[in-house]
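Report on one structure; see the data block that follows.
Bear in mind these aren't lab numbers, they're just calculated from the coordinates by the rules spelled out. Here the structure is a predicted model, which is why all the values come from computation and not from measurement. Here Cβ is always computed from backbone atoms with ideal geometry, including for glycine, and neighbour counts include all displayed protein chains.
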Amino acid sequence: MSNIIKCAFCSGSGKDPYDLLSPISDCLVCNGSGKVEITHPLKKCVFCSGSGKNPLGARVPCIVCGGKGSNHFEGDTKCTQCKGRGRSTDGLPCTSCGGKGFK
Ligand SMILES: [Zn+2]
Ligand SMILES: [Zn+2]
Ligand SMILES: [Zn+2]
């Protein structure tokens, strides 16, 4: 079962939020549709706080959720290594859960 949600990276506009290529370039996450599909069940991405943007500063989609703002989760167990924050102490995605915070 899948769920159609608003694309977090472009906030549903379908346009590249950073105008990297041109002001009319399509969002690379949703291909301009403004919506993305994620398999149920899903949780807000803890690594980017649901923004879909890479919190490490680069103007690219979040490396954990791919810019969707949410991740598909089968498990509901908080990652003990990062305590559910999805990050290692160096700010990179937690190696145990892949940055999702749960597994
Ligand atoms: Zn988009
Ligand atoms: Zn994310
Ligand atoms: Zn973790």
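In the set Ser2, Ser51, which member is closer than 29 Å to Ser96 by Cβ, free of Cβ contacts under 8 Å to residues at least 40 places away in the same chain and among the hydroxyl-bearing types (Ser, Thr, Tyr)?
Ser2
Is it the case that Cys82 is of a type outside the set (Val, Ile, Thr), under 22 Å from Ser2 (Cα atoms) and within 15 Å of ligand 2 (Cβ to nearest atom)?
For Cys82, the condition - of a type outside the set (Val, Ile, Thr), under 22 Å from Ser2 (Cα atoms) and within 15 Å of ligand 2 (Cβ to nearest atom) - is not met.
Take the residues in the stretch 1-48 that are farther than 18 Å from Cys62 by Cα and aliphatic (A, V, I, L, M), then tell me which one is nearest to the chain's Cα centre (by Cα).
This residue is Ile4.
Would it be correct to say that Lys53 is more than 22 Å from Met1 (Cβ to Cβ), basic (Lys, Arg) and within 9 Å of ligand 2 (Cβ to nearest atom)?
yes
Out of the stretch 1-45, which residues are of a type in the set (Gly, Ala, Ser) and in a loop (DSSP other than H, G, I, E, B)?
Ala8, Ser11, Gly12, Ser13, Gly14, Ser22, Ser25, Gly32, Ser33, Gly34
Go through the stretch 30-46 and give me each residue that's surrounded by 16 or more Cβ atoms within 10 Å (Cβ to Cβ) and more than 12 Å from ligand 1 (Cβ to nearest atom).
Result: Ile38, Leu42, Lys43, Cys45, Val46.
Between a first residue in the stretch 58-86 that is in contact (Cβ under 8 Å) with a residue 60 or more places away in the chain and in a loop (DSSP other than H, G, I, E, B) and a second residue that is aliphatic (A, V, I, L, M) and within 16 Å of ligand 3 (Cβ to nearest atom), which pairs have beta carbons less than 8 Å apart while being 6 or more apart in sequence or on different chains?
So the pair list comes out empty.
I'm checking my understanding of the structure. Among residues of the stretch 47-103 that are among the basic types (Lys, Arg) and within 14 Å of ligand 3 (Cβ to nearest atom), which one is surrounded by the most Cβ atoms within 10 Å (Cβ to Cβ)?
Out of the qualifying residues, it is Lys100.
Within the stretch 16-29, is even one residue in contact (Cβ under 8 Å) with a residue 24 or more places away in the chain and exposed (fewer than 13 other Cβ atoms within 10 Å of the Cβ)?
Checked against the condition, which is being in contact (Cβ under 8 Å) with a residue 24 or more places away in the chain and exposed (fewer than 13 other Cβ atoms within 10 Å of the Cβ), the stretch 16-29 yields at least one hit.
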